[in-house]
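Taking it in order: structure first as structure tokens, then the write-up.
Throughout, read-outs are computed from the coordinates displayed, never taken from laboratory work. Note that this is a predicted model, so its numbers are computed, not measured. Here the Cβ positions follow ideal geometry from the backbone for every residue, glycine too, while neighbour counts run over all protein chains shown.
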Amino acid sequence: MTDDFPFGDLRARVCAADRAFSWHPYTPMRAYLDEHRPLVIGAARGARLYDLDGRSYLDGNGSWWVAVLGHGHPRLVAALQQQAARLCHVSFAGITHEPGALLAEELVAVAPPGLARVFYSDDGSTAVEVALKLALQFWHNQGATRRHRFVALDDAFHGDTLGACSLGGIEVFRRPFAGALCDCVHVPTPPQPGAEDEAYGRAFEALATLVRRDRDELCAVVVEPLLQGAAGMRSYAPRYLRELRALCDRHEVLLVADEVFTGYGRTGAMWACEAAGVSPDLLCTAKGFTGGVLPMAATLASSAVFDAFLGAPERAFFHGHSFTGNPLGAAVAREVLAVFREEAVLERARPKAARLAEAFARMASLPGVRSHRACGMTAALDLAGVGGYLGRAGWRVYAEALARGAYLRPLGDTVYVAPPLVIDDADLEELLGIVEESVRAAVAAG
Ligand SMILES: *Cc1c(COP(=O)(O)O)cnc(C)c1O
């Protein structure tokens with residue numbers, strides 16, 4: 001290491017500061033500091049990241065699932081620059097501005113029918129947090145004060161703030177906080193599409209039984225529609241969403257769709273809910289919402305939910321963040337919607353999704369691969385290993401892929417890709433080639 005000369009070159013300078021002061025998310029810091037050879041990214045363009053030496057890495061997970069339009073999209077950069085020159089920030093509390101108001105109109109126009117109001121926040125976790133608090137207060141405002149229990153799926157992931165974390169089904173993420181979480185009951189995740197009716201029926205019946213039993217205490221059922229990202233890119237049949245919607249209607253329980261990952265075309269349509277023709281009462285969006293350019297998010301609500309907050313002042317939603325409705329984020333989010341409309345993003349992703357599915361199906365026969373799956377612009381391989389988030393098999397592939405020029409952060413023993421929807425064909429082929437070679441190399445070495 002050149003730590004003795006930290007000002008000698010930028011990489012060494014960054015590494016020294018990082019080593020001494022940074023605390024990274026989802027990172028066991030002992031191992032990180034012991035190894036301490038971090039990738040230091042200096043620039044990004046399209047589907048590629050560049051380190052400070054100019055080496056390129058294909059961004060296999062779209063920078064933690066946010067960069068749906070790739071990096072440095074010229075229209076998003078221009079929208080950000082133009083807005084920055086006029087107004088960077090002002091409160092959205094009881095006043096308004098052009099990007100915030102027009103974005104809300106444009107979002108409602110593309111949202112599943114019935115969603116009529118937009119409440120802004122900062123990221124996926126806060127969008128979910130807003131949905132949970134809206135659902136709780138929706139019942140509170142109607143005098144149904146016992147309704148504070150949520151239902152979520154096993155292996156769910158809804159973010160890391162305490163409310164969102166309460167819904168999480170991944171045990172290792174929630175264990176330290178177990179005593180401090182909201183009331184949430186988990187039900188079995190529906191099986192993969194194409195599973196036998198019996199397995200599907202068992203999963204749905206577990207949910208239906210719980211909803212029937214607890215209906216007077218239930219506030220909302222919260223799901224990642226169609227595709228559970230953090231669970232390892234696991235999808236389930238749209239039928240489940242349709243029947244869930246009918247169940248919630250029958251028992252008067254709210255349905256929250258967490259489209260933080262699935263929205264903006266990740267599963268093929270603009271929203272995963274569209275596959276089932278279902279509208280939730282509340283919908284959370286973040287990640288692709290600003291194309292990954294800025295942290296901003298939104299929670300969309302039906303008129304029925306919104307109307308329950310009208311009337312006496314104490315019925316209002318006393319919730320907001322310093323940066324709620326941030327004009328920079330809103331201007332970029334408007335441009336993201338314009339790019340989706342004008343550049344046929346969804347249509348052009350379709351053949352790429354088919355190519356992903358085909359390539360991963362072929363890789364299923366590689367030694368050490370237990371199972372494979374694909375849904376929209378995601379595909380995953382489960383490697384033989386201990387299983388779960390703390391599995392190490394995926395990390396061996398990660399190291400092999402870095403050496404070959406791709407960033408492929410795994411979920412334990414699951415290796416997956418969730419690239420920008422706009423990744424070009426040459427980059428996609430190169431990424432698929434690196435996945436295959438890296439799996440072969442990691443399994444051969446391991
Ligand atoms: C990533 C994610 C979140 C949390 O979003 P952050 O922006 O990381 O707070 C919530 N729900 C789902 C489904 C996600 O994938």
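Only one residue of Leu210, Pro225, Ala116 has its Cα farthest out toward the positive end of the dipole of segment 74-342, where Lys and Arg carry +1 and Asp and Glu -1 on Cβ, and that residue is Ala116.
Taking the Cα centre of segment 74-342 as reference, the dipole from Cβ charges on Lys and Arg (+1) and Asp and Glu (-1) amounts to some 200 debye.
Using a Förster radius of 22 Å, what is the FRET efficiency between Ala338 and Val77 based on their Cβ-Cβ separation? Nearest 0.05, please.
On the way: r = 14 Å, r/R0 = 0.62.
The value I calculate is 0.95.
Ordering 76-83, 195-202, 39-46, 19-26 by mean Cβ neighbour count within 10 Å, with the highest value first, yields 76-83, 39-46, 195-202, 19-26.
Using the Cβ-Cβ distance between Glu196 and Glu347 with R0 = 41 Å, the FRET efficiency computed as 1/(1 + (r/R0)^6) comes to roughly 0.75.
Could you give the dipole magnitude of segment 38-109 about its Cα centre, charging the beta-carbon of Lys and Arg +1 and that of Asp and Glu -1, in debye to the nearest 20?
Numbers: 5 positive and 6 negative charges, 39 e Å.
The calculation lands at about 180 debye.
Computed per residue of the chain from DSSP H runs no shorter than four, each worth -39500 (n - 2.57), the mean residue ellipticity at 222 nm is -12500 deg cm²/dmol. The packing ranking, built from the mean of other Cβ atoms within 10 Å per residue, places the peptides 316-326, 139-149 in the order 316-326, 139-149, highest first.
The phi torsions of segment 377-388, fed into the Karplus equation with coefficients 6.51, -1.76 and 1.60 and a -60° offset, translate into couplings of 8, 9, 7, 9, 10, 8, 9, 4, x, 6, x, x Hz, rounded to whole numbers, with Gly and Pro shown as x. Extension gain for Arg45 to Ala206 (0.36 nm times residue separation, less C-alpha to C-alpha distance): 53.4 nm. Amide H contacts for Ala297 (H built 1.01 Å from N in the peptide plane; partners 5 or more residues away or on another chain; cut-off under 5 Å): Ser121, Asp122, Asp123. Using every Cα-Cα pair within segment 74-342, state what percent have a distance larger than 27 Å. Beyond 27 Å sits 36 percent of the P(r) for segment 74-342. Backbone N atoms of segment 112-126 closer than 14 Å to the 7 Å Cα→Cβ label point of His89 belong to residues 121-123. Taking a spot 7 Å from the Cα of Ala399 along the direction of its beta carbon, which residues of segment 420-446 have an amide N less than 11 Å from it? Answer for segment 420-446: 442, 445-446.
Among Met29, Met363, Met296, the largest mean-square fluctuation in a Gaussian network model of the chain, built with springs joining Cα atoms closer than 10 Å, belongs to Met29.
Note on His24 and Arg37: the model spin-label points, each 7 Å out from Cα along the C-beta direction, lie 1.3 nm apart. From the square roots a ≥ b ≥ c of the eigenvalues of the alpha-carbon gyration tensor of segment 90-233, which class results: rounded (a/c under 1.5), prolate (a/b over b/c), or oblate? Prolate, since a/c reaches 1.5 and a/b exceeds b/c.
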